[in-house]
1. Only residues in the stretch 10-34 that are of a type in the set (Phe, Trp, Tyr) count as the first member; pair them with residues that are surrounded by 11 or more Cβ atoms within 10 Å (Cβ to Cβ) and not in a loop (DSSP other than H, G, I, E, B), Cβ under 8 angstrom, at least 6 apart or cross-chain, and list the lot.
2. What number of residues in the stretch 2-40 are in contact with a helix residue (DSSP H, G or I) (Cβ under 8 Å, 6 or more places away or on another chain), among the basic types (Lys, Arg) and in a helix (DSSP H, G or I)?
3. Considering only residues that are of a type in the set (D, E, K, R), touching a Leu at 6+ places or on another chain (Cβ under 7 Å) and either at pLDDT 95 or above or more than 18 Å from GLU70 (Cβ to Cβ) (or both), which ones fall in the stretch 1-46?
Amino acid sequence: MKWNLRLAAANRGIWKASELQRMLAERGMVISAGKMSGLWSGQPNSVRLDELDVICAVLGCGVQELLLPEPDSVPAPEADDQQRKAAGQPPSVAPSVAPRPRSGRSLPPR
């Protein structure tokens with residue numbers, strides 16, 4: 001997914017992150033300068049759904065304008081074993097699963 005806040009804001013005449021931050025604060029969404037920088041730059045660490053609601057309400061847009069799908073960036077699925085054999089490739093080996101010890105817990109009684 002591509003985050004498209006800056007373009008959505010520009011389409012509504014909002015050119016500065018500080019201006020959008022003030023508008024969001026008026027709607028009850030007070031965020032730090034660091035979080036606003038991430039939202040504005042196109043690389044947010046996370047966006048909660050309630051924050052997305054406020055952003056959409058302030059900009060008067062839908063989620064589809066803020067989040068643009070990028071299906072070409074999704075890796076293709078690996079071929080299954082039968083397709084591999086037909087192509088002359090060795091079958092894939094499933095990774096072995098090993099239990100991990102949990103620290104601070106005792107073992108169950110025997």
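The values are calculated or read from the model by the stated rules, or taken from the named source; none is laboratory data. None of the values given here were measured: they were computed from a predicted structure. Positions of Cβ are backbone-derived with ideal geometry, glycine not excepted, and every protein chain shown enters the neighbour counts.
1. Partner pairs satisfying both residue conditions: TRP15/ALA9.
2. 1
3. Filtering the stretch 1-46 down to residues of a type in the set (D, E, K, R) leaves 2, 6, 12, 16, 19, 22, 26-27, 35.
Cutting the leftovers down to touching a Leu at 6+ places or on another chain (Cβ under 7 Å) gives us 2, 12.
Answer for the stretch 1-46, where residues must be of a type in the set (D, E, K, R), touching a Leu at 6+ places or on another chain (Cβ under 7 Å) and either at pLDDT 95 or above or more than 18 Å from GLU70 (Cβ to Cβ) (or both): just ARG12.
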